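Engineer: Quick one: the structure is below, and I'll ask about it shortly.
Please treat every number below as a calculation from the coordinates, not as lab data. All values reported here derive from a predicted model rather than from experimental measurement. As a convention, Cβ positions derive from the backbone with ideal geometry for all residues, glycine included, and neighbour counts pool all protein chains shown.
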Amino acid sequence: MRYLFILGREPKLSLVELESVFGAKNLQLLAPHIALVDTKRPVKLERLGGCLKVAQVLDQPLSSFLASQPAGKLTLGVSDYSHRATAHASWQLALKHKNLLRRHGRNVRLVPNRTSPIVSSAAAHHNQLGEKLNHLEIIKYQKLFASSIGTQNITAYAKRDQARPARDAFVGMLPPKLAQILVNLAVGDQQSGLLLDPFCGTGVILQEASLMGFAVYGSDLSKKMVNYSRRNLSWLSEQKPALLAPVKLEVGDATSHHWQPLPNFIASEIFLGRPLSRTPSKTQLLQLQHEARELLSGFLRNLANQLPTSTTIALAIPAWKRPDGSYLGIPNLLDEIEKLGYNAKKYRYASHDELLYHRENQVVARQIIVLRKK
Ligand SMILES: C[S@@+](CC[C@H](N)C(=O)[O-])C[C@H]1O[C@@H](n2cnc3c(N)ncnc32)[C@H](O)[C@@H]1O
């Protein structure tokens, strides 16, 4: 079956996530924010951090698809993602189908999108388009028509992010969506196994991996952080009693710790250094790069002695804003990583330099790298 995916705010990251889960050969980039995936696997948007909407491509004309919906009132949104789409044309298309359906006696409520050719993800989510019987969103891209099977659940993300009992502003809050992306980059198409986060902090990656069905193992240099992870994971299991309990949570310096049992995957956000409010000077930047390199290479050297070949490691590491607005990470990092016994994973749709996640005005961005033990 073919699906249209509407990519999120960092489309390159969304794309490599799709490439990791569905394979490059099944993925086609149609436009900067739209990808087409051909797969027989079940598609679950709630397992993907980087996509806003997913829709199944129709194999029949739109009018017969709409006419074949179960009896009852229809709630319908139309989003046209084509290059030259206009709000007017998109609304006219919605009206045309509303009138056609009315002639067949169907009651239709249109979800308004008068100022844009697309229904926003927030409006699609609040109207439960694609998620509830007879609540449809038609997604059009050029000549393709698809019917939404879900929109990113912003309410559930906000709840997971904000209602966790143990939070710490200093270690920074990894957004749950980015945690999901890291997990998917590490696990690929696998559905089970043990995932380790050796810089687990407050446990966002462990939480998301656990919700995605993985057994989790966390360690951190700080006892306080290990306790935070423990509190957050036990809070999550109160909400969702079916979740697996963490295999282990322990204090450990990632540059010397021995992990037992050995994990099948690693996803982690290493220490990003102290939060910065201004772009660092050249001297400060050299110091920050040096510290991050020391920590990362110490960790990877230690890990290389323990991991079996082919284990995948997805990491968020720091990159710093430069006065010209670009971001710079740790120089020549990938060459050094090769020497430590890893291959940097290559993606068809993005290079590692492009895999950045940051909010506007953030001085320290997260760069995403994915490695495989040689
Ligand atoms: C950026 S935070 C990770 C935040 C985490 N993703 C979360 O969900 O809260 C980095 C963590 O690395 C830990 N850390 C720093 N140096 C470490 C080391 N050498 N070994 C293990 N953990 C370390 C810090 O205590 C901190 O919790």
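Engineer: Along the Cα-to-Cβ line of GLN260, 7 Å from the Cα, sits a label point; which residues in the stretch 225-250 have backbone N less than 18 Å from it?
Structural biologist: Counting backbone N atoms under 18 Å from the label point, the list is 247-250.
Engineer: Roughly how many debye, to the nearest 20, is the charge dipole of the chain about its Cα centre, given +1 on each Lys and Arg Cβ, -1 on each Asp and Glu Cβ, and no other charges?
Structural biologist: 1220 debye
Engineer: Need one number for the stretch 283-336: average projected area of the convex hull over its C-alpha atoms, nm².
Structural biologist: Here the figure is 4.4 nm², rounded to one decimal.
Engineer: What value does the stretch 214-259 have for Rg/Rh, both radii from Cα atoms and Rh as Kirkwood defines it?
Structural biologist: Result: Rg/Rh = 1.02.
Engineer: Can you classify the chain as rounded, prolate or oblate using the Cα gyration tensor, where a ≥ b ≥ c are the square roots of its eigenvalues, rounded means a/c under 1.5, and otherwise it's prolate if a/b beats b/c and oblate if not?
Structural biologist: prolate
Engineer: A follow-up question, please. According to the Kirkwood expression over distinct Cα-Cα pairs, how big is the hydrodynamic radius of the stretch 157-373, in Å?
Structural biologist: Mean inverse Cα-Cα distance, inverted, gives 17.5 Å.
Engineer: Of all the C-alpha pairs in the stretch 231-282, what % are more than 12 Å from each other?
Structural biologist: Numbers: 1048 of 1326 pairs.
Beyond 12 Å sits 79 percent of the P(r) for the stretch 231-282.
Engineer: Rounded to the nearest 5, what is the percent of antiparallel bridges among the DSSP beta bridges in the stretch 157-373?
Structural biologist: Of the beta bridges lying entirely in the stretch 157-373, close to 50 percent run antiparallel.
Engineer: Whole-Hz ³J(HN,Hα) for each residue in the stretch 263-269, computed from phi via Karplus 6.51 cos²θ - 1.76 cosθ + 1.60 with θ = phi - 60°, x for glycine and proline: what do you get?
Structural biologist: After applying 6.51 cos²θ - 1.76 cosθ + 1.60, I find x, 8, 9, 10, 9, 7, 10 Hz.
Engineer: Could I ask something else about it? Where does the charge balance sit around THR202 when Lys and Arg score +1, Asp and Glu -1, over other residues with C-beta under 14 Å from its C-beta?
Structural biologist: Working: positive: ARG160, ARG164, ARG167, LYS223, LYS224, ARG230, ARG231; negative: ASP161, ASP168, ASP197, GLU208, ASP220, GLU269.
Computed value for this residue: +1.
Engineer: When the chain is treated as a GNM, springs tying every alpha-carbon pair under 10 Å, which of PHE214, PHE299, PHE65 comes out with the largest mean-square fluctuation?
Structural biologist: The residue that fluctuates most here is PHE65.
Engineer: Suppose a student asked you for the relative contact order of the stretch 157-373, using Cα pairs under 8 Å spaced at least 6 residues apart; what percent would you report?
Structural biologist: Computed value for the stretch 157-373: 19 percent relative contact order.
Engineer: Another question about this same structure. Give the order of ARG278, ARG9, ARG106 when sorted by the count of other beta carbons within 10 angstrom, beginning with the fewest.
Structural biologist: ARG278, ARG9, ARG106
Engineer: Hey, another quick one. Could you tell me how many cubic angstrom of Cα convex hull volume the stretch 15-168 has per residue?
Structural biologist: 142 Å³
Engineer: Something else about it: Neighbouring Cβ atoms within 10 Å as the yardstick, rank ILE266, ILE181 fewest first.
Structural biologist: Sorted ascending by nearby Cβ count, the order is ILE266, ILE181.
Engineer: Same structure, new question: Can you pull the Kirkwood radius for the stretch 124-269, inverse mean 1/r over Cα pairs, to one decimal in Å?
Structural biologist: Here the Kirkwood hydrodynamic radius works out to 16.5 Å.
Engineer: Go ahead and set up a Gaussian network model of the chain, Cα springs under 10 Å, then flag whichever of PRO42, PRO11, PRO308 fluctuates most.
Structural biologist: Result: PRO42 has the largest fluctuation of those listed.
Engineer: Over 5 Å intervals from 0, what percent of Cα-Cα pairs in the stretch 262-374 sits in each interval?
Structural biologist: Over the stretch 262-374, the share of Cα pairs per 5 Å bin runs 2, 11, 22, 24, 18, 12, 7, 3, 0 percent.
Engineer: Here's something else I'd like to know. Give the residue from THR39, TRP259, LEU13 lying farthest towards the positive end of the charge dipole for the chain; charges sit on Cβ (+1 for Lys and Arg, -1 for Asp and Glu) and the dipole is referred to the Cα centre.
Structural biologist: Farthest towards the positive end: THR39.
Engineer: Report, by chain and number, residues whose modeled amide H sits under 5 Å from the one on LEU249, excluding near sequence neighbours (fewer than 5 apart, same chain).
Structural biologist: Those qualifying (amide H under 5 Å, at least 5 residues apart or on another chain) are GLY218.
Engineer: How many angstrom separate the Cα center of the stretch 224-283 from the Cα center of the stretch 1-64?
Structural biologist: The stretch 224-283 and the stretch 1-64 have Cα centres spaced 30 Å from each other.
Engineer: For the cross-link pairs LYS25/LYS248; LYS12/LYS223; LYS40/LYS346, which exceed 26 Å when the distance is taken from alpha carbon to alpha carbon?
Structural biologist: With Cα atoms farther than 26 Å apart: LYS25/LYS248; LYS12/LYS223.
Engineer: Given the options ILE138, ILE154, ILE34, state which has the largest fluctuation in a GNM of the chain using a 10 Å cut-off (strictly under) for Cα springs.
Structural biologist: Sorting by GNM fluctuation, first place goes to ILE154.
Engineer: If you don't mind, there's one more thing I want to ask. Need one number: nm distance between label points at ASN343 and ALA67, each 7 Å from Cα along Cα→Cβ, rounded to one decimal.
Structural biologist: Output for this residue pair reads 5.4 nm.
Engineer: What ranking do GLU269, GLU291 get, fewest neighbouring Cβ atoms within 10 angstrom at the top?
Structural biologist: GLU291, GLU269
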